[in-house]
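In what follows, a single structure is set out as structure tokens and then discussed.
Throughout, read-outs are computed from the coordinates displayed, never taken from laboratory work. In this text, all values refer to a predicted model and were calculated from it rather than measured experimentally. Cβ sites come from the backbone with ideal geometry, for glycine too, and all protein chains shown count toward neighbours.
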Amino acid sequence: MCAQIVPCYFCGEASRDDSTLQVPMFMIEKIQRVETAYKTSTAQYEKRVFTIPRCAACRRRHGIENALGTVIGAAGLLAVLGAVLLALSKGIGWGAGFLLVAVVILALAAALQERLLYGGKENLTLKHRETWPQVHMSLTSGWQIGEGPSRAQSFDWARERQKERDKEQENLRRIQEEQKQAKARAKKAISQSNQAYQSGQDGNVEKLLRTALDPKNGGRGTAIEMLGEMNHPDALEPLLGMLADPARTSDHGRLALALLGYDDPRITPAIQAAVDAAPDRASQAVKDMRRALNLRANPALLALKPVRDAEEGQRRAYALYARGDVSGLIQMALDPQGTGRSRAVQLLGDTADPQALEALLTLLADPTQAALYGRAAKAAAHYADPRAAAAIQAAEKALPVSWNSDIWLELIQSDLRNALYECSHPSMLYQPLSREEALKLSRA
């Protein structure tokens, strides 16, 4: 049967299968220690062989190319040995002999080189095998040409793997150290935030300003929010100064929202200037500043700002509830300057007292109390009175309309709809707070 004829990869002429070039390749998988008397190491490797079509003429030329490399190597070795012997006084004869042999070998190498360059047709050298598609892909994937790894190659591979492992360990240690530092910073920031909150509860404006003005203080965000809740005149200028500071861009959103409670013609232009100068228009700070501009342009939305209670005000509300003082709770809920209004409104729903219902209906009918609509509606839903559902529906219709979505408006709308659902589904209502539990909370 005739051998299949295919184009030679090195010269392009026809070749037969019996002249093909076999290219063995290997990839080291791991170095395994063998427990023997000498404690040697063996390399475990994967092997593959690729066949490249080659004609007989290219095969002979590649053989000459291999022989030329061997001859030049032998000549070099003999020349070095001869030079060493000539340098010794007693080895002149042997040295001259080695040099003569080296010259003869070099002459033979020159003849082989001439035949390789000028004899026969043009072809590509043996190194061109590395461009064979399968061989090239294997080389780029870490494979090497050869029957198997030498001892030096095994050691080189082991050293590279050890370097990679050392680098991975170093990266792991660095990541662990960064995580440790991040946890420490987070813990410190929480502590500083709690301190800022307590300063706000104590009304310590001076301490809040020091915290807010320190860009490295983890509680500065809480301090800015507390200053916004207090609306203290001494805080206006520092807040405007921080809003104009290009180094405080991450705080600009909080600053814009904190300034909502202040009535000063410089505030809106300052917020707009901060938006225009922001490096990242998609950042959360820019979103908060645009929301602040929308709220300032719509006073009805600004009136929906959540009512926050002071801790002392909450404890007082729980104490009134524990004593059964409904009148005191009503007075506290209706007091615009009260520091525990929101909690008092919630507890009016747990009293099951007709007077409390009347107070809740009054709140739901007052547009100036829109910020308490959600909590008042949830409290009124505890009463089996048709006026509660009607008041909740009327309150929802009285809410301002905004073309831009606002979280304050959405939260109140959600509370009103949930309360309306609870009016017709009493089983969904939460259990009223017991007097004993209220007494504990008042002393917390």
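The stretch between Lys207 and Lys30, if pulled fully straight at 0.36 nm per residue, gains 57.4 nm over its current Cα-Cα span.
Partners of Lys127 within straight-line reach, counting aspartates and glutamates whose Cα lies under 15 Å from its Cα and excluding those fewer than 8 residues away in the same chain: Glu65.
Overall shape of segment 156-203 was characterised from the C-alpha gyration tensor. The equivalent ellipsoid obtained from it has semi-axes of 46, 4, 4 Å, in decreasing order.
Only counting other Cβ atoms within 10 Å, I'd like Ile28, Ile5 sorted with the fewest neighbours first.
Ile5, Ile28
Each residue of segment 223-228 is assigned a 3J(HN,Hα), and the resulting list reads 4, 5, 5, 5, 5, x Hz, derived from the Karplus form 6.51 cos²θ - 1.76 cosθ + 1.60 (θ = phi - 60°), x at Gly and Pro. If you take the Cα centroid of segment 250-326 and the Cα centroid of segment 380-419, the two points sit 21 Å apart.
Taking 4 °C and 1.567 mPa s as conditions, segment 213-303 diffuses translationally at an estimated 100 µm²/s according to Stokes-Einstein applied to its Kirkwood radius (Cα pairs).
Using only alpha carbon pairs under 8 Å that are at least six residues apart, calculate the relative contact order of segment 314-443 and give it in whole percent.
RCO, segment 314-443: 29 percent.
Our summary gives segment 189-297 a relative contact order of 21 percent, counting only alpha carbon pairs under 8 angstrom and 6 or more residues apart. Packing around the peptides 144-150, 182-188, taken as the average count of other Cβ atoms within 10 Å per residue, puts them in this order, highest first: 144-150, 182-188. The amide H of Leu21, built 1.01 Å from its N in the peptide plane, has Ile52, Arg54 as neighbours under 5 Å, considering only residues 5 or more places off or on other chains.
Glu147 sits among other residues whose Cβ lies under 14 Å from its own Cβ, and their net charge, with Lys and Arg +1 and Asp and Glu -1, is +2. Pairs exceeding a 20 Å alpha-carbon distance, out of Lys188/Lys305; Lys30/Lys167; Lys163/Lys183; Lys187/Lys305; Lys187/Lys216; Lys183/Lys216: Lys188/Lys305; Lys163/Lys183; Lys187/Lys305.
Computed from backbone phi with θ = phi - 60° and the Karplus coefficients 6.51, -1.76 and 1.60, the 3J(HN,Hα) list for segment 250-262 is 5, 9, 4, x, 4, 5, 4, 6, 5, 7, 4, x, 9 Hz; x is used for glycine and proline.
With R₀ fixed at 22 Å, the C-beta to C-beta distance from Lys188 to Ala444 puts the FRET efficiency at about 0.30. In this structure the amide hydrogen of Tyr45, modeled in the peptide plane, comes within under 5 Å of the amide hydrogens of Glu29, none closer than 5 places in sequence on its chain. Report note on the peptides 369-375, 46-52, 427-433, 413-419: ranked by the mean count of other C-beta atoms within 10 Å, highest first, their order is 369-375, 413-419, 46-52, 427-433. Can you work out the base-10 log of I(q)/I(0) for segment 314-443 at q = 0.13 1/Å, using the Debye formula on its C-alpha atoms alone? For segment 314-443, the Cα-only Debye profile gives -0.50. With a Förster radius of 22 Å applied to the C-beta separation of Asp335 and Ala303, the computed FRET efficiency comes to 0.80.
The simple spin-label model puts a point 7 Å past each Cα toward its Cβ; for Asp276 and Arg173 those points are separated by 5.3 nm.
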